[in-house]
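Following: one structure in structure tokens, then a few remarks.
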Ligand code: AHN
Ligand code: ZN
């Protein structure tokens, strides 16, 4: 005991004397005490899970990279002791009429627990870099490091945490397919061309009334360099209290630099279909980059690669979501 106190005291002193890096030191002390950080979300691990996906190549429906990535996600979930892993296979067509075989993957932790939280990310990648500045690259697939792999990487690292230390609440991890083959030339009128996996999933909702999740958190583009996460407009409309909770947990953990309280965006994304199906769901998404006013400059370009992934961003998002999950107490 004495020894631990001595170590903590030393850390406090170093925290106080370390002017330039005060926030980091404060965070480290809290982390050591376990007060705010019930588990350690490893940004290095999350980064490796992002890289593994990118290394498969583009994860476009019906491609080799897509098939390999599906096996990878399932094998990681097995490794991390998920209680049930369900692959939901179906076929559909994108807005151009191209047929696609899609798979949503869902894994449960504490399956017997009726009080649950849903965590979501899309695992497919966009077939065309149609926002690339070079017109000659607009038919090239995107690498999808941020747009696809980042959310999945964070969810896989959370799965590792859940296996190491079980949260009290039940957790469902949902990896949706077919999010990113939508029509970007006519926003508004083309909402239904996006999020095809989620649209299918909500039509076959794997819940009864008792075990329907309290709320959901969607992670989309959560690995960008110096990313700022504002409260996304539709999340704020549908699930303001969940935004309050998550942004509050971010602040308590010292991540105010990443999680800003302004409301921005209004994004057509998987969360809107989940909200309409009756589960309040927020979207943690980088959608107000200073240089574009919306998504990051590499969004839907061939430069959405590992050079534009920031471990510190993965950490801020992953640790905030982890703290949120472990803070939940069962109320059913
Ligand atoms: C809009 O740009 C309105 N939605 C994009 C959703 C998305 C695409 N997320 C990732 N890729
Ligand atoms: Zn996209």
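Sorted from longest to shortest, the spans of the Cα atoms of the range 252-319 along the three principal axes equal 38, 33, 21 Å. Averaging the sequence gap over all C-alpha pairs within less than 8 Å and six or more residues apart, then dividing by the number of residues, gives the chain a relative contact order of 22 percent.
Listing 47, 207 from fewest to most neighbouring C-beta atoms within 10 Å gives 207, 47. Rounded to the nearest 10 degrees, the inclination of helix 151-164 to the longest alpha-carbon principal axis of the chain is 50 degrees.
Counting only alpha carbon atoms, the long axis of helix 43-55 and the longest principal axis of the chain meet at about 20°. Eigen-decomposition of the gyration tensor built on the alpha-carbon atoms of the range 203-274 gives equivalent ellipsoid semi-axes of 24, 14, 12 angstrom, largest listed first.
The simple spin-label model puts a point 7 Å past each Cα toward its Cβ; for residue 192 and residue 214 those points are separated by 3.5 nm. Cβ crowding within 10 Å ranks 231, 59, 116 as 231, 116, 59, fewest other Cβ atoms first. Across all directions, the average flat footprint of the convex hull enclosing the Cα atoms of the chain is 17.3 nm². Which log10 I(q)/I(0) values does the range 61-107 give at q = 0.19, 0.23 Å⁻¹ under the Debye formula, counting every alpha carbon as one identical point scatterer? One equal scatterer on each Cα of the range 61-107 leads to -0.64, -0.83.
For the range 61-141, how big is the tail of P(r) above 21 Å, as a whole percent of Cα pairs? Here the long-distance tail beyond 21 Å is 45 percent of all Cα pairs in the range 61-141.
Ordered by the count of other Cβ atoms within 10 Å of each Cβ, fewest first, 191, 112 give 112, 191. Sorted largest first, the principal axis extents computed over the alpha-carbon atoms of the range 125-235 equal 51, 32, 24 Å.
Which number do you get for Rg(Cα) / (2.2 N^0.38 Å) in the range 91-131?
That ratio works out to 1.73.
What do you get for the angle between helix 22-33 and the principal long axis of the chain? Use alpha-carbon atoms, 0 to 90 degrees, nearest ten. Compared with the principal axis, the helix lies near 80 degrees.
Each value in this text was obtained by applying a stated rule to the coordinates, not by laboratory testing. This structure is a prediction, so every number in the text was calculated from the model and none was measured. Backbone-built Cβ (ideal geometry, glycine too); neighbour counts: all protein chains shown.
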